[in-house]
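Colleague: The following block contains the structure, expressed as C-alpha cells.
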Protein chains: 2
Amino acid sequence: MAPALDAQEAPNGGESLTPLQVQNNNASHKSKVTIIGSGNWGSVASKLVASNTLRLTSFHDEVRMWVFEETLPSGEKLTDVINRNNENVKYLPGIKLGKNVVADPDLESAVKDADMLVFVTPHQFMEGICKKLVGKIKRDAEAISLVKGMEVKMEGPCMISSLISEQLGISCCVLMGANIANEIAVGKFSEATVGYRDNREVAEKWVQLFNTPYFNVTAVQDVEGVELCGTLKNVVAIAAGFVDGLEMGNNTKAAIMRLGLREMKAFSKLLSPSVKDSTFFESCGVADLITTCLGGRNRKVAEAFARNGGKRSFDELEAEMLQGQKLQGVSTAAEVYEVLSHRGWLELFPLFSTVHEISTGRFPPSAIVEYLGTSN
Amino acid sequence: MAPALDAQEAPNGGESLTPLQVQNNNASHKSKVTIIGSGNWGSVASKLVASNTLRLTSFHDEVRMWVFEETLPSGEKLTDVINRNNENVKYLPGIKLGKNVVADPDLESAVKDADMLVFVTPHQFMEGICKKLVGKIKRDAEAISLVKGMEVKMEGPCMISSLISEQLGISCCVLMGANIANEIAVGKFSEATVGYRDNREVAEKWVQLFNTPYFNVTAVQDVEGVELCGTLKNVVAIAAGFVDGLEMGNNTKAAIMRLGLREMKAFSKLLSPSVKDSTFFESCGVADLITTCLGGRNRKVAEAFARNGGKRSFDELEAEMLQGQKLQGVSTAAEVYEVLSHRGWLELFPLFSTVHEISTGRFPPSAIVEYLGTSN
C-alpha cells in the first residue's frame, strides 16, 4: 500500500478531514494508468489521459505508455526521444503529450503496477500482447480497449474486449468514436462512446479519464454494439473510399454510407442479439462513420486503390501512404467475409462482401455500386 | 373518359384478354402527371418521371410541368425555350428533360387533367399555389410533395403535405431523399424515400413513377417522419456549413451532424408521436442528411456566411451565390425556432435554436460549437 497521511497523523490531530486531507488520504487509492500502444491514436489517447490524471485526484499523475521500440533514422531510440521531448516524433509529430507521460519499451514493466490498462494497438498484435501479459498484471486491474477489429477463430468471431477478458481474466470496456486522431490532438471538438457490460461505476471512471472540454465522452450499456461499430465502420470507409476514387459524387457516397450503417446494424444484431438500435445513433455509430468516411486513412487508401483501377495492392499503397500506420478496414473486411461465408450470410451483406471481393482483386472497384440498384 | 378498346371490340371477340389487350384496355386508366414547379429539383423530377411515363403503360407519356414564367436575358420566355430545347436553361442547364415534358406557364391549365400532382416549389410559395388550385383539380387526384419546409400558423406548425390535403381535399404522400439534383440529373446513383399515410397501393404507384436504375425509391408508412426529415435536415446543413466555414475539421462536423440527427428525431417525435425511429435510418434520414451536409446549397451558403464572420447577410449571399434558387434552411430554422419558443422547448434543442440565433446575427458563427462540450 502506498504511504498516505493517516487522519491521526494530521496536523489537527484526528478531527474530520479537510478537503486537502481528503485529497491526500485518497492518494492510497489513486489509480495508475498504463497505455499499451503508442501509434497515432495511442499517442493522442495518452495526451487526453495525461491531462486528466494531472487534474483529477483519483488518478496517479504519471501515465506509463508502452512503446514498441524502434530505432529512428537519427540512430536514437523512439522511447528516448519521447521521454526527452514529450513528443512521439514518429506517430504524432508536433504535439506535446504532457510531461507526465513516460514511454517504456518493456511491456512487463509498463503494466506491472497499473490499475487501469488502456489497449490501443493495431488489432493484429493484440493476441500476442495478451499472451505476454498473462500473470503479469494486477488481478483487479480494469481494462478498456480502443482497438478496432476482431479475431476470427474456429468457433466464431472474437471481439478484442472478449479476447482481453478471456485471456487476462479481467473485465473490459471499450471506447470508440471519432478517430481522426490529429484533429483531436489539436483540440478540435469531437465525441466518443464508452461501452460497458454491467458496471456503471467503472464506466464512469473511464469517462472521467478520457473526457475533456473538447472530447465529449458518454457511456452506454452495450459493449458489443459499441465495439462492433468501431470495428465495422472501417469496412464501410473502404467502400466510401472506392466511391471517392471513382468520383461518383456525394449522393452515391451517402447511399453507400447508409447501406453500410444498415449492414453494421444487421451484422451486429446477428452476432449479438443484445445490441441496441440506439447505439447506432451514438457517437460511435453514425458520427464515427461519418468522420471515418470523410477523412480517415481507410477511406484515403481505398480512394487511391480505386483511382489506380485496383492495379496496385492495398499492401503497396499502405506502405507508401501511411508511414508505418496500419489499415484496419481491409483485414476487418476479410474477417467479416470469413464469418459471413462460414454462416451462409454472404447474400445478406452485399456491401461488406463486395468490399472484400474488390480489395482482394476479384472484382473491379466499380463493383461497389453495381448491386445498389437492386438493393433496398 | 379517354377512348379505349373494349373487350367486345377486340379482334378475338371478347375472349380473355391477351397481355397486349390488357395494355390497350388499361389505356383508359393511364394516369396523367403534372409537375408543379420547375426549379433545379423540379426539373430533375420531371426528367425522372418523364423517363418512366414513356416506359410504363399505366401513365400517359406526356408530363406537364408548370413553370413560373420568366423572361430570359435573351428576351425569350423560359417556357418557350424549355419546349423548344427540352432543357431548363435557367435551372438545369445542359440536361435534356425528355421530349414528353411540356412546360406550361398557366397553373390552372397545367393541372386541369392531371391524376397525379407532383409539388416541387420553394415552400414559401405553397400556400399561394394551393389557394389558386382550389376547385381547379380533379376530385380524385393524388398528390405527392417534394417540398421541404413547413408553414407556421397560429395553431401550430403545418407540414406541406397537410397543407395540400387540407386545402385541396386530396391525399398527399411525400418524397424526400438525396437532393443534390445535379448529381441525379447526370445519372449518379442515389436513393429516396416515399412516405405514405395508409394507402400502400398509391405509395407503390409513386415509387413506380420515380424509381429508375440509378434513383432507388422505397416506401415507408410514416409520412410525418419522412417529411420532417426532409425539412429539418436543412437546418442541420446550415450548422454543418458554419463548421466548414470555421475550418473545425471532420470530427466536429460529424459531431454536429449526429447532434442534428438527434434533434431531428426528438423534434419529429414531439410534434408527431407516431414517427418511427427506423425512418431516420432510411434514405430520407441519415443518407440525405449526409448528402446535404457534404454538398448542398444550404451548407455552401452557410460556409460563406461563417467565413465572412456573419458580416454579410444570408439574403445577400443567397442572391449572389444561388442564381435565383432559394435557401430553405434559414427560413426553416426561423419556423422551427418559433415552434420551440412557443412551446417552451428552446433549451431542449440547442443546435436548432443556435442556428437561428447565428443566422439572424444575434450570435457569432462560432456559437455553433460553444454549447457542445456541455451537450450529451
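Throughout, read-outs are computed from the coordinates displayed, never taken from laboratory work. None of the values given here were measured: they were computed from a predicted structure. All Cβ positions, glycine included, derive from the backbone under ideal geometry; neighbour counts span all protein chains shown.
Colleague: Please report the antiparallel percentage of DSSP beta bridges with both residues in the protein assembly as shown, rounded to the nearest 5.
Modeller: That works out to approximately 30 percent antiparallel.
Colleague: Out of all DSSP beta bridges in chain B, what portion is antiparallel? Express it as a percent rounded to 5.
Modeller: Among the beta bridges of chain B, antiparallel pairing accounts for roughly 30 percent.
Colleague: Among A:Asp80, A:Asp104, rank each residue by its count of other Cβ atoms within 10 Å, from fewest to most, as a rough exposure measure.
Modeller: A:Asp80, A:Asp104
Colleague: Once you charge only the Cβ atoms, +1 for Lys and Arg and -1 for Asp and Glu, what is the size of the charge dipole of segment A:263-359 about its Cα centre, to the nearest 20 debye?
Modeller: So the dipole magnitude of segment A:263-359 works out to roughly 140 debye.
Colleague: Show the residues, 5+ positions off or on another chain, whose built amide H is closer than 5 Å to the amide H of A:Val275.
Modeller: Amide H to amide H, under 5 Å and 5 or more residues apart or across chains, A:Val275 pairs with nothing.
Colleague: Defining the label point at 7 Å along Cα→Cβ, can you sort the distances from B:Gln208 to the same site in each other copy, shortest first, in nm?
Modeller: In nanometres, ordered from closest: 6.5.
Colleague: Need one number: % antiparallel among DSSP beta bridges in segment A:122-227, to the nearest 5.
Modeller: Expressed as a percentage, antiparallel bridges in segment A:122-227 total about 50.
Colleague: Explain nothing, just compute: Karplus ³J(HN,Hα) = 6.51 cos²θ - 1.76 cosθ + 1.60, θ = phi - 60°, for every residue of segment B:85-97 in order, whole Hz, x for Gly and Pro.
Modeller: In residue order, the calculated couplings are 9, 6, 8, 8, 5, 8, 9, 8, x, x, 10, 7, 7 Hz.
Colleague: If you take each beta carbon of peptide A:44-52 and count the beta carbons of other chains within 10 angstrom, what is the mean?
Modeller: Other-chain Cβ atoms within 10 Å of each residue's Cβ, averaged: 0.
Colleague: Which of the peptides A:249-260, B:91-102 is most tightly packed, and how do the rest follow, judged by the mean count of other Cβ atoms within 10 Å per residue?
Modeller: Listed from highest to lowest mean packing, they are A:249-260, B:91-102.
Colleague: Under the rule of at least 5 residues apart or a separate chain, name every residue whose amide H is placed under 5 Å from the amide H of B:Ile36.
Modeller: B:Trp66, B:Val118, B:Phe119, B:Val120
Colleague: Separate question: Could you rank the peptides A:320-328, A:294-302, B:207-215 by their average count of other C-beta atoms within 10 Å per residue, with the highest value first?
Modeller: Descending packing order for the listed peptides: A:294-302, B:207-215, A:320-328.
Colleague: Once R0 is set to 30 Å, what does the formula 1/(1 + (r/R0)^6) return for the Cβ-Cβ distance between B:Asn199 and B:Ala266, expressed as a FRET efficiency to the nearest 0.05?
Modeller: Once rounded, the FRET efficiency stands at 0.55.
Colleague: Using the 10 angstrom Cβ neighbour count as an exposure proxy, how do A:Ile144, B:Ile184, B:Ile170 rank, fewest first?
Modeller: In increasing order of surrounding Cβ atoms, one gets B:Ile170, B:Ile184, A:Ile144.
Colleague: Using the number of other C-beta atoms within 10 angstrom as an exposure proxy, rank A:Val49, B:Val217 with the fewest first.
Modeller: B:Val217, A:Val49
Colleague: Take B:Ser341 and A:Ser51, extend 7 Å from each Cα along the Cα→Cβ direction, and tell me the distance between the two endpoints in nm.
Modeller: Modelled inter-label distance: 3.6 nm.
Colleague: Mind checking the mean number of beta-carbon atoms from other chains within 10 Å of the Cβ atoms in A:274-280?
Modeller: 1
Colleague: Right, another one. So if I restrict to the alpha-carbon atoms in segment B:218-374, what is the Rg, and what is Dmax, the biggest pairwise distance, in Å?
Modeller: 14.7, 44
Colleague: Further question: Taking the alpha carbon gyration tensor of segment A:183-290, what are the square roots of 5 times its eigenvalues, largest first, to the nearest whole Å?
Modeller: They are 27, 19, 9 Å, listed from largest to smallest.
Colleague: In terms of modelled amide H atoms, which long-range or inter-chain residues lie less than 5 Å from the amide H of A:Val101?
Modeller: A:Val63
Colleague: On C-alpha positions alone, give me the angle between the axis of helix A:40-55 and the longest principal axis of chain A, in degrees, nearest 10.
Modeller: Value to nearest ten degrees: 30.
Colleague: Using the Cα centre as the reference, give the magnitude of the dipole from point charges on the C-beta atoms of chain B (Lys, Arg: +1; Asp, Glu: -1; all else neutral), rounded to the nearest 20 debye.
Modeller: 540 debye
Colleague: Any idea what the A:Asp80 label distances to the other copies are, label 7 Å down the Cα→Cβ vector, nm, shortest first?
Modeller: Those label-point separations list as 8.5 nm.
Colleague: Something else: For segment A:183-202 and segment A:203-282, write down the distance between their C-alpha centroids in whole Å.
Modeller: 14 Å
Colleague: Mind running the shape call on segment A:119-200? Use the C-alpha gyration tensor, a ≥ b ≥ c as the square roots of the eigenvalues: rounded below 1.5 for a/c, prolate if a/b tops b/c, oblate otherwise.
Modeller: Judged from the Cα gyration tensor, segment A:119-200 comes out prolate (a/c at least 1.5, a/b above b/c).
Colleague: Taking Cα atoms of chain A, Rg/Rh with Kirkwood Rh, to two decimals?
Modeller: Rounded to two decimals, Rg/Rh equals 1.01.
Colleague: How about the protein assembly as shown: what cysteines have no other cysteine beta carbon under 4.7 Å from their own?
Modeller: Cysteines of the protein assembly as shown left without a disulfide-compatible partner: A:Cys130, A:Cys158, A:Cys172, A:Cys173, A:Cys293, B:Cys130, B:Cys158, B:Cys172, B:Cys173, B:Cys293.
Colleague: While we're looking at this one, here's another question. For segment B:83-229, what log10 I(q)/I(0) values come out of the Debye formula at q = 0.09, 0.19 1/Å, with one point per alpha carbon and no solvent?
Modeller: Debye intensities relative to I(0), on a log10 scale: -0.29, -1.34.
Colleague: Still on this model: Would you please state the base-10 log of I(q)/I(0) at q = 0.09 1/Å for the protein assembly as shown, with intensities from the Debye formula using one equal scatterer on every alpha carbon?
Modeller: Taking Cα atoms of the protein assembly as shown as identical point scatterers yields -0.86.
Colleague: Here's another thing I want to ask about it. Run through the other copies and list how far each one's label point is from that of B:Lys99, in nm with one decimal, shortest first; the point sits 7 Å from Cα along Cα-Cβ.
Modeller: 8.2
Colleague: Rounded if a/c is under 1.5, else prolate if a/b is larger than b/c, else oblate: which is segment B:326-376, with a ≥ b ≥ c the root eigenvalues of its Cα gyration tensor?
Modeller: Oblate is the answer for segment B:326-376, as a/c is 1.5 or above yet b/c matches or exceeds a/b.
Colleague: Averaged over peptide A:254-265, how many Cβ atoms belonging to another chain are found within 10 Å of each residue's Cβ?
Modeller: The mean count of partner-chain Cβ atoms within 10 Å per residue comes to 5.
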